[in-house]
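Participant: Here it is, the structure in full.
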Amino acid sequence: MKPRGVDSTLPSRFDTQSTLCYCSTAVSWTLFALCCQPAVQAKLRVELHTCPTDSPTMEQLNALPYLESVVRESLRLYAPVSATQRIAMHDAEIPLQEPFKDKRGVLQSAVRYE
């Protein structure tokens, strides 16, 4: 008997749910941004009314340049991923204004990151 609330498909659903979470967060922030900018909202509404249907295809949505601009700007301002990790391709050396002596008494003129 399975413990209550345990779903064997949970790991397979995790990626979908986290993607939906990012998507709903992005939509929420876009709506917030539109509420704060009535002129942008009005201009977007005019462009959206040029669609001949209430259920536009992706092709029709891709033909709306202002909608794309609004979405891109919203994602720029309110990115769903707050930080990314990067790995340096090469060692870095940061020069110092004044050299210092390390624990071994060696004069160092830069800090090296490996």
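Participant: What distance in nm separates the simple spin-label points at Lys103 and Leu61, each placed 7 Å from Cα in the Cβ direction?
Facilitator: Output for this residue pair reads 5.7 nm.
Participant: How big is the shadow of the Cα convex hull of the range 16-77, averaged over all directions, in nm²? List each step's numbers first, then the result.
Facilitator: Working: hull surface 18.8 nm².
About 4.7 nm², averaged over all directions.
Participant: Could I ask something else about it? Taking the range 17-114, which trypsin sites (Lys or Arg not before Pro) meet the DSSP loop condition and have no more than 16 other C-beta atoms within 10 Å?
Facilitator: Of the trypsin sites (Lys or Arg not before Pro), the ones in loops of the range 17-114 whose Cβ has at most 16 other Cβ atoms within 10 Å are Arg86, Lys103, Arg104.
Participant: Using only the Cα atoms of the range 56-114, what are the Rg and Dmax in Å?
Facilitator: 23.9, 71
A short reminder: the numbers here are calculations on the coordinates, not readings from a lab. All of these numbers come straight from a predicted model, not from anything done at the bench. Heads up, the Cβs are rebuilt from the backbone with ideal geometry, glycines too, and the neighbour counts pull from every protein chain shown.
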